[in-house]
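The values are calculated or read from the model by the stated rules, or taken from the named source; none is laboratory data. In this text the structure is predicted, and so the values were computed from the model without any measurement. Neighbour counts are summed over all protein chains in view; Cβ atoms, including those assigned to glycine, are modelled from backbone coordinates with ideal geometry.
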Amino acid sequence: MTATAGKLRFGIVVFPGSNCEADTWHAIHDEMDAPVEYVWHEETNLDGYDCVILPGGFSYGDYLRTGAVARFSPVMGAVQEFAAKGGLVLGICNGFQILLEAGLLPGAMLRNAGQKFVCRYLHVRVETTDTPFTREMTKGAVLRIPIAHGEGNYYADPDMLAEMKEHDQIVFRYCTAEGESTPEANPNGSLDNIAGVCNRDRNVLGMMPHPERCTDPILGSADGRLVWESLLEVSRGDS
Amino acid sequence: MATARVIITLKKTIMDAQGQTVEKALHNLGYTGVSNLRIGKYVEMTVEGRDQERVEEMCRKLLANPIIEDFRIELEE
């Protein structure tokens, strides 16, 4: 891990069509009091950042497939290198879709099984705390967190899924308020109720729910703070 | 100059919710004997030279996602 004294330095990549970068900035800068900068998608140098975030939105209008065009943005070459060197990469919603298209995470997104854009609070269960993004959580804990997407129907072929399970790469699953992963608790038809996955090296996480939108009880929930608190724990010196 | 036509469909193993909904709508309209309706994408472009391999490469890199989609190419002068 890139454990350093002081706080993690965050970079939020802004693509044409991103629309959650300001919320993400608010969560990191105002709520967590951590250093953060925007990174325009034409940037090719990510030196100086410890954690790069691909925010939600509709990069390149979601043309062709979600994330399919953004994945070839100039910055994505740098994100690939950054991730390969162990840098922390968090893709939220559209950012998750971009990471899938880029091959930084296994699987692909299909249109929601119900064909509708779904924007609401729901529950996810924490499946692993063995990531820099979830280390401050409790395994099996239920988070109340919002989603807002039309293509969040996660798919992986059976071999991929088996490999992900073997390596503990499923990070969040949609569940009921009581923590059960039922078909009714699945908002989009995702395989195995999957809401978030990480790579094998555990430094890249993609998640459909928005942890930047629930950092204060006044917003309906403060459970999203746990993601940012986990990340900031990384910088408190343990590796 | 050649015209390349690319037809991209979801793999047969993947449930096509949109296709199922449209198929049901056709049934509701009274069209019986309609099944296996699949919805895909159609891409048409003018390319220099009749280079099948190059168009296939475009499909693998960008036009289709091999995890979820199949593609078919038609090339004509």
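When B:VAL34, B:VAL6 are screened for being modelled with pLDDT of 95 or more and assigned to a loop (DSSP other than H, G, I, E, B), only B:VAL34 passes. Taken over the stretch A:11-21, the criterion of being in contact with an Asp or Glu (Cβ under 6 Å, 6 or more places away or on another chain) and over 20 Å from A:LEU226 (Cβ atoms) is satisfied by A:GLY11, A:VAL14.
In this structure, is A:LEU8 buried (at least 23 other Cβ atoms within 10 Å of the Cβ), over 25 Å from A:HIS149 (Cα atoms) and in contact with a strand residue (DSSP E or B) (Cβ under 9 Å, 6 or more places away or on another chain)?
In short, yes.
Here B:ILE68 fulfils each of the conditions (1) surrounded by 12 or more Cβ atoms within 10 Å (Cβ to Cβ); (2) under 19 Å from the mean Cα position of the chain (by Cα); (3) over 25 Å from A:PRO106 (Cβ atoms) apart from (3).
Every residue, every condition in (1) touching a residue at least 40 places away in the same chain (Cβ under 8 Å); (2) assigned to a strand (DSSP E or B), yes or no:
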residue: A:VAL124; (1), (2): yes, yes
residue: A:ILE147; (1), (2): yes, yes
residue: A:ASP168; (1), (2): yes, no
residue: A:GLY189; (1), (2): yes, no
residue: A:ASP192; (1), (2): no, no
residue: A:ARG200; (1), (2): no, no
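Restricting the search to the stretch A:95-120, which residues are aromatic (Phe, Trp, Tyr) and either within 8 Å of another protein chain (Cβ to nearest Cβ) or buried (at least 21 other Cβ atoms within 10 Å of the Cβ) (or both)?
Result: A:PHE96, single match.
Answer with yes or no whether A:ILE194 is β-branched (Val, Ile, Thr) and out of contact with any Pro (no Cβ under 7 Å at 6 or more places or on another chain). The answer is yes for A:ILE194.
Which members of the stretch A:149-161 meet the condition of being closer than 19 Å to A:VAL126 by Cα and either of a type in the set (A, V, I, L, M) or more than 18 Å from the chain's Cα centre (by Cα) (or both)? Listed by number, the list holds a single entry, A:LEU161.
The set of residues from the stretch B:38-76 being more than 9 Å from chain A (Cβ to nearest Cβ), among the small types (Gly, Ala, Ser) and not in a strand (DSSP E or B) comprises just one member, B:GLY49.
Scan the stretch B:8-37 for residues that are on the phi < 0 side of the Ramachandran plot and more than 14 Å from chain A (Cβ to nearest Cβ) and jot them down. Of everything in the stretch B:8-37, those that are on the phi < 0 side of the Ramachandran plot and more than 14 Å from chain A (Cβ to nearest Cβ) turn out to be B:LEU26, B:HIS27, B:ASN28, B:LEU29, B:TYR31, B:THR32, B:VAL34, B:SER35, B:LEU37. Tallying residues that are within 16 Å of A:LEU104 (Cβ to Cβ) and among the β-branched types (Val, Ile, Thr) within the stretch A:204-219 yields 1. Only one of the numbered conditions (1) at pLDDT 95 or above; (2) out of contact with any Pro (no Cβ under 7 Å at 6 or more places or on another chain); (3) among the polar types (S, T, N, Q) is violated by A:SER18, and that is (2). Filtering the stretch A:51-64 to residues that are in contact (Cβ under 8 Å) with a residue 40 or more places away in the chain, in a loop (DSSP other than H, G, I, E, B) and within 30 Å of B:THR9 (Cβ to Cβ) leaves A:GLY56, A:PHE58. Within the stretch A:130-139, not a single residue is touching a residue at least 12 places away in the same chain (Cβ under 8 Å), within 14 Å of chain B (Cβ to nearest Cβ) and under 14 Å from A:GLN169 (Cα atoms). Within the stretch A:22-50, track down each residue that is more than 21 Å from A:GLU229 (Cβ to Cβ), in contact (Cβ under 8 Å) with a residue 12 or more places away in the chain and surrounded by fewer than 18 Cβ atoms within 10 Å (Cβ to Cβ). Once the filter is applied, which keeps residues that are more than 21 Å from A:GLU229 (Cβ to Cβ), in contact (Cβ under 8 Å) with a residue 12 or more places away in the chain and surrounded by fewer than 18 Cβ atoms within 10 Å (Cβ to Cβ), the stretch A:22-50 yields A:TYR38, A:TRP40, A:GLU42, A:GLU43, A:THR44, A:ASN45, A:GLY48. Checking A:GLU233, A:GLU163, A:GLU212 one by one, the residue that is assigned to a helix (DSSP H, G or I), acidic (Asp, Glu) and under 18 Å from A:ILE12 (Cα atoms) is A:GLU212 and no other. Residues that are assigned to a strand (DSSP E or B) and crowded, with 24+ Cβ neighbours inside 10 Å do not occur anywhere in the stretch A:71-83.
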